[in-house]
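Participant: Structure in structure tokens, see below.
Since every read-out is calculated from the coordinates, none of them should be taken as a lab result. As the structure is a prediction and not an experimental result, all values here were calculated from the model. Positions of Cβ are generated from backbone atoms using ideal geometry, with glycine treated the same way; all protein chains shown enter the neighbour counts.
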Amino acid sequence: MSILREEIAEQPAVLERLLREQAPAIEELAARLRAEPPRFALIAARGSSDNAARYAQHVLGHLCRIPVALATPSLHTLYGTPPRLEGALVIGISQSGASPDVTSVLADAAEQGQVTVAITNEPGSPMAAAAHHVIGLGTGAERSVAATKTYTASLAATAALAAALAGSPHLREELQAVPDAVAAQLEQPVDAAVELAAPWQRCAVVGRGANYATAFEAALKVKELTGIAAEAHSPPDLLHGPVAVLGPHHPVLAFAPAGVTAQGVAELLREARRRDAPALLAAPGLEPAPAHLPLVPMPDWTSPIGAVVPAQRLAAGLAERRGIEVDRPFGLSKVTETT
């Protein structure tokens, strides 16, 4: 078995451990933020962590009503004009905590006297050193280039922070159910979907709301593991012009967990069928079939932690079928330091 497959399988245990071990640090941070409510949040990240930031943007906005922006690191590193951050909660998300541009955003925020948080798998990293609060992912070494367990752990960390800030026992209960749901998701079939997608050379990947982040992470996994040109969209954005690319040779991978966004995904799939574009649908309540990736039902706000798992397994299966070295595809490196 590849290292990638092993790390995908570790995710339920990683999530259970994070939610248990990081609860005190998360509650300490939430208590500070309840006492000093931020006007807005700014999140800095790169790669898969940037997709976790998209999820954080949704969940902090949805559950805590905090406006969230994604940082522009070049303002800090290339232009030397960091924005004024009065009243901000500034979060850095990074597996390694080593990228200078993400660290610079936190360092500038700390210099301005703002609350800074590092969500990282390396509590001794430069990014962690620049932060007032650290939420350690505790996944153990992630050796495969493609992020899997660090990605879902980053989602769980931000979900736990949002639940703690919201102060809802019901949300906490739903979050505690996540590791078992992810374990059940790992038992769902994907082989038929791999066979269906095997000829693909390009595809659109769609998701909305909480799963807008899932669309981006699924597209990234497909691109970096297989070389397939996968591009992420929300259904409304795809319908505003880019839908022109859909057709017999440009399929759609769609994520539609139960909830308010499912109807919009269904409308997009109807348009895809009208254009004869093949479609692969990830949704709950589906019988196993080549065109289906069955999802284990989860609450909308936690569903991205489960929904990304079949995307990871689909990308791994497609790469293996193409004879690609899944643990180190296309000569990519695990840590990329950018400025």
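Participant: Going by how many other Cβ atoms sit within 10 Å of their own, how do T226, T72 line up, fewest first?
Facilitator: Least crowded to most crowded, the residues run T72, T226.
Participant: So, counting K/R as plus one and D/E as minus one, what does the shell of residues with Cβ under 13 Å around H132 add up to?
Facilitator: -2
Participant: With everything on Cα atoms, drop me the angle between helix 303-321 and the longest principal axis of the chain, reported from 0 to 90° to the nearest 10.
Facilitator: That works out to roughly 50 degrees.
Participant: Can you tell me the length gained on complete extension of the stretch R328 to E27, counting 0.36 nm per residue apart and subtracting the Cα distance?
Facilitator: My answer for the length gained is 104.6 nm.
Participant: Now, a different point. Over the stretch 187-321, what is the percentage of antiparallel beta bridges among all DSSP beta bridges, to the nearest 5?
Facilitator: That works out to approximately 5 percent antiparallel.
Participant: Could you list R172, R34, R5 so that the one with the fewest beta carbons within 10 Å of its beta carbon is first and the one with the most is last?
Facilitator: Listing R172, R34, R5 from fewest to most nearby Cβ atoms yields R34, R172, R5.
Participant: Please determine, in degrees from 0 to 90 and to the nearest 10, the orientation of helix 100-111 with respect to the longest principal axis defined by the Cα atoms of the chain, where the helix direction is its Cα long axis.
Facilitator: 30 degrees
Participant: May I pose another question? Check which residues have an amide H placed less than 5 Å from L293's amide H, if you skip close sequence neighbours.
Facilitator: Excluding prolines and chain starts, which carry no amide H, the hits are L281, A282, A283.
Participant: Relative contact order for the chain: what percent, with Cα pairs under 8 Å and sequence separation of 6 or more? Don't jump to the answer; show the numbers that get you there.
Facilitator: On the way: 697 pairs, mean separation 67.5, N = 339.
After rounding, I find 20 percent.
Participant: With angles folded into 0 to 90 degrees, how steeply does helix 212-226 sit against the dominant principal axis of the chain? Use alpha carbons for both and round to 10.
Facilitator: Here the helix axis deviates by roughly 70 degrees.
Participant: Among P189, F255, V296, which residue has its Cα positioned farthest towards the positive end of the charge dipole of the stretch 187-321, with +1 placed on the Cβ of Lys and Arg, -1 on the Cβ of Asp and Glu, and the dipole taken about the Cα centre?
Facilitator: F255
Participant: Shifting gears a bit: When Lys and Arg each count +1 and Asp and Glu each count -1, what net charge do the other residues less than 15 Å away from Q112, Cβ to Cβ, add up to?
Facilitator: Values: positive: R39, R84; negative: E36, E86, D108, E111.
Counting the neighbours of Q112, the net charge comes to -2.
Participant: Note down the net charge around P189, summing +1 for each Lys or Arg and -1 for each Asp or Glu among other residues with Cβ under 12 Å from its Cβ.
Facilitator: Around P189, the surrounding residues sum to -3.
Participant: What do you get for GluC sites (Glu not before Pro) in the stretch 235-339 restricted to DSSP loop and a cutoff of at most 16 other Cβ within 10 Å of the site's Cβ?
Facilitator: Of the GluC sites (Glu not before Pro), the ones in loops of the stretch 235-339 whose Cβ has at most 16 other Cβ atoms within 10 Å are E325, E337.
Participant: Could you work out the equivalent-ellipsoid semi-axes for the chain, taking the square root of 5 times each eigenvalue of the Cα gyration tensor, largest first, in whole Å? Please report the intermediate quantities before stating the final value.
Facilitator: Working: eigenvalues 201, 87, 82 Å².
They are 32, 21, 20 Å, listed from largest to smallest.
Participant: Let me ask you something else. Return M127, M1 ranked ascending by Cβ neighbour count within 10 Å, so the fewest neighbours appear first. Provide the component values of the computation, followed by the final result.
Facilitator: Values: M127 28, M1 7.
Going from least to most buried by this count: M1, M127.
Participant: Nothing charged except the Cβ atoms of Lys and Arg (+1) and of Asp and Glu (-1): what's the magnitude of the dipole of the stretch 3-176 about its Cα centre? Round to the nearest 20 debye.
Facilitator: On the way: 13 positive and 17 negative charges, 59 e Å.
My answer is approximately 280 debye.
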